[in-house]
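A quick write-up on the structure given underneath.
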Amino acid sequence: MLNTLPSKLPDIGSTIFTEMSALALQCQAINLGQGFPDYPPPGPLIQAVSEAMSQGHNQYAPMAGLPQLREAIASKVQAQHGRIYSTESEITVTSGATEALMSSLLALTHPGDEVLLIDPAYDLYAPSIRLAGAEAVRVPMRPPETDDPMFRVDWNRIESAITAKTRMLVLNFPHNPTGLTLKPEDLDALEAIVSRHPILLLSDEAYEHIVFDGFTHLSPVSRPLLADRTVLVSSFGKTFHATGWKIGYCCAPEPVMAETRKVHQFTVFSVSTPMQAGIARYLRESDTLSELSGFYQKKRDRLLSGLKETLLRPLHSEGTFFLLVDTAALGSGLEKELSVRVTREIGVASIPVSAFYADPNRPESNHGLLRLCFAKLDATLDQALERLRGLNTWVAG
Ligand code: PMP
Ligand code: GLN
């Protein structure tokens, strides 16, 4: 009987992040695959969380989150984007961005609905859409070209994919894995689309505080027309070097948030109280958010300049803590196979970009690109670069 249990996700195994981290451990490779820092969260934040525990913040938080954290989020989002969200009815603290995305997709999409994804897309969206009984419709970005070596979003192509069944478009900027950010003209295009079609936007902004070269993160919620249709999702894990804490949040207009909360309350009910109390205090007392982009830009540049001495050609990254490398000099083939070989033989783990497409084995999903995570100590990056220089003899051999 156990062998014949019907599966809701029969074709889904472990995520590529789990797989490559396990391989990295097994081969003692430096793990530039799964995105997590190898340094701790800020000391004062750890202190604020532990004080919250010793001061008795240990029982259930309110379902939507501690009021002081929702207030801190409201002030932060207003300062960033000018949108005022009601702490009472429009902000929910979630178990990471993951739960905010899953709860929103389960609550807001229905059997028969179509949800547009822009490929390459983070691995969580499509299975969540299927669990909601809806269908993911995937529209590819234009892959990098010789005279413009960046992925590009074609908004006309996205609009052409909208049908009467389209309920939602999922956005993720700064973008994992390409490092692309939104520009004013992208928001113009989105406004035009939204004014013509009654769709919702689910905006995954997990990397909102990591944007380079003097740019600031542009959220759809900075435009009232878009904000009225958008669920904004973010993650404190990325912002505070604390991916294991699994705390995030979402903001949306009241009728939308009312639906998302119905799923949230029966999925987790509420999120770790001392973490919420500590983060609320830290957000009130410190001003480190503005330093994050500079901190990561130095790491990006360290990796970029070191890669010049390898056979890997880095693509430009405008945000997130990832950059893509072109592996053309290593030959052709499936990105996944190359990523596994480099992990085993060179000792540096990466993520194949093909894993962000519906079928990683198709030629359209393979552009000879691997994703490297630079949320690592300088010494880790230097050691990884030293190993990657070994690719030169690897290819010659
Ligand atoms: N969205 C994107 C684009 C991500 O890269 C991640 C992973 N860090 C998440 C969502 C999940 O965030 P969290 O760890 O807060 O659940
Ligand atoms: N978001 C992380 C990444 O892109 C992975 C998180 C996870 O392992 N689920 O690497």
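Take the conditions more than 16 Å from ligand 2 (Cβ to nearest atom), under 19 Å from residue 144 (Cα atoms) and of a type outside the set (S, T, N, Q) and apply them to residue 341. Does it pass?
Here the answer is no, as residue 341 does not meet what is asked.
Hey, among the residues in segment 369-397 that are out of contact with any Leu (no Cβ under 8 Å at 6 or more places or on another chain) and small (Gly, Ala, Ser), which one's surrounded by the most Cβ atoms within 10 Å (Cβ to Cβ)?
375
So, of the residues in segment 282-314 that are among the acidic types (Asp, Glu) and part of a helix (DSSP H, G or I), which turns out to be nearest to residue 393 (Cα to Cα)?
Filtering first and then ranking leaves 301.
Please verify whether segment 269-283 includes one or more residues that are in contact (Cβ under 8 Å) with a residue 24 or more places away in the chain and either touching a Ser or Thr at 6+ places or on another chain (Cβ under 7 Å) or within 30 Å of residue 162 (Cα to Cα) (or both).
So far as segment 269-283 goes, yes, one or more of its residues are in contact (Cβ under 8 Å) with a residue 24 or more places away in the chain and either touching a Ser or Thr at 6+ places or on another chain (Cβ under 7 Å) or within 30 Å of residue 162 (Cα to Cα) (or both).
In this structure, is residue 111 at pLDDT below 95 and either of a type in the set (Asp, Glu) or farther than 26 Å from residue 371 by Cα (or both)?
No, not satisfied.
Could you tell me which of the residues 317, 339 is touching a helix residue (DSSP H, G or I) at 6+ places or on another chain (Cβ under 8 Å), surrounded by 18 or more Cβ atoms within 10 Å (Cβ to Cβ) and outside any loop (DSSP other than H, G, I, E, B)?
Testing whether each residue is touching a helix residue (DSSP H, G or I) at 6+ places or on another chain (Cβ under 8 Å), surrounded by 18 or more Cβ atoms within 10 Å (Cβ to Cβ) and outside any loop (DSSP other than H, G, I, E, B) leaves just 339.
Take residue 32 and decide whether it is within 16 Å of ligand 2 (Cβ to nearest atom) and surrounded by 15 or more Cβ atoms within 10 Å (Cβ to Cβ).
Taking the combined requirement at face value, the residue satisfies it.
Give the number of residues within segment 204-220 that are away from ligand 1 (no atom under 16 Å from the Cβ) and modelled with pLDDT of 95 or more.
Selection size over segment 204-220: 3.
Report the residue count in segment 35-49 for those that are crowded, with 18+ Cβ neighbours inside 10 Å and either at pLDDT below 95 or closer than 23 Å to residue 325 by Cβ (or both).
Number satisfying all stated conditions: 3.
Can you name every one of the helices (runs of 4 or more DSSP H) wholly within segment 27-109 that holds 1 or more residues which are within 22 Å of residue 221 (Cβ to Cβ)?
67-81, 96-108
Step by step: first the residues of segment 138-164, then only those that are part of a strand (DSSP E or B), of a type outside the set (Asp, Glu) and more than 16 Å from ligand 1 (Cβ to nearest atom), then the one that is farthest from the chain's Cα centre (by Cα). Which residue is that?
Across segment 138-164, the extreme among qualifying residues is 142.
The values are calculated or read from the model by the stated rules, or taken from the named source; none is laboratory data. Keep in mind the model is a prediction, meaning the values are calculated, not measured. For neighbour counting, all protein chains shown are included, and Cβ atoms are generated from backbone atoms with ideal geometry for every residue, glycine included.
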